[in-house]
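Peer 1: Before anything else, here's the structure in question.
The values are calculated or read from the model by the stated rules, or taken from the named source; none is laboratory data. What you see is a predicted model; the values in this text were computed from it and never measured. These area figures cover heavy atoms from the full protein model, side chains too; ligands, DNA and RNA do not enter into them. Shrake-Rupley method; radii C 1.70, N 1.55, O 1.52, S 1.80 Å.
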Amino acid sequence: MPYSEKVLEHFQHPRNQGSMADADAVGEVGNPVCGDVMKIYLKIRDRRIKDIKFETLGCAAAIAVSSALTEIAKGKSLDQALKIEKDDIVRELGGLPDLKIHCSMLGVEAMRAAIAKYQAGQK
Ligand code: FES
């Protein structure tokens with residue numbers, strides 16, 4: 001299965017790419033399968049994701065996944081964001097080749113890591 005048009009479109013025009021100097025939380029994960037790395041930056045207000053950015057050193061699928069995740073998560077409450085699954089992102093992207101399904105884990109895991117750090121800091 002080749003990349004869907006949506007994957008290619010997100011890869012060529014990633015949304016919310018870049019770092020965030022004043023982030024409230026940052027989550028970083030590496031993919032043990034390929035060594036790629038993803039960072040998610042969150043700006044949180046009233047337990048809601050006000051802004052989200054990503055930096056990904058990875059394949060086209062990982063970049064498309066990051067981009068789609070930021071679109072899905074922006075504006076969501078932390079509880080809603082924690083319910084986003086990798087399948088939601090794969091569906092949003094119109095599917096991923098089987099060999100690239102592991103790439104879809106990165107986004108969700110990096111965002112969950114950032115939220116966990118934020119919540120730990122709040123206690
Ligand atoms: Fe590494 Fe896709 S091959 S995240």
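Peer 1: Taking each pair of distinct Cα atoms in the chain once, what is the resulting Kirkwood hydrodynamic radius in Å?
Peer 2: With all distinct Cα pairs of the chain included, I get 14.1 Å.
Peer 1: Sticking with this structure for a sec: Along the stretch 33-48, what does the Karplus equation 6.51 cos²θ - 1.76 cosθ + 1.60 (θ = phi - 60°) give for ³J(HN,Hα), rounded to whole Hz, x for Gly and Pro?
Peer 2: Along the stretch 33-48, the couplings run 5, 10, x, 5, 10, 10, 10, 10, 10, 10, 10, 10, 9, 6, 6, 10 Hz.
Peer 1: Roll a 1.4 angstrom probe over the protein heavy atoms and tell me the percent of accessible area of the chain that is carbon or sulfur.
Peer 2: Percent of accessible area from carbon and sulfur atoms in the chain: 51.
Peer 1: At 1.4 Å probe radius, can you tell me the per residue accessible area of the stretch 1-102 in Å²?
Peer 2: 52 Å²
Peer 1: From Cα pairs below 8 angstrom and at least 6 apart in sequence, can you work out the relative contact order of the chain, rounded to a whole percent?
Peer 2: Over the chain, the number comes to 33 percent.
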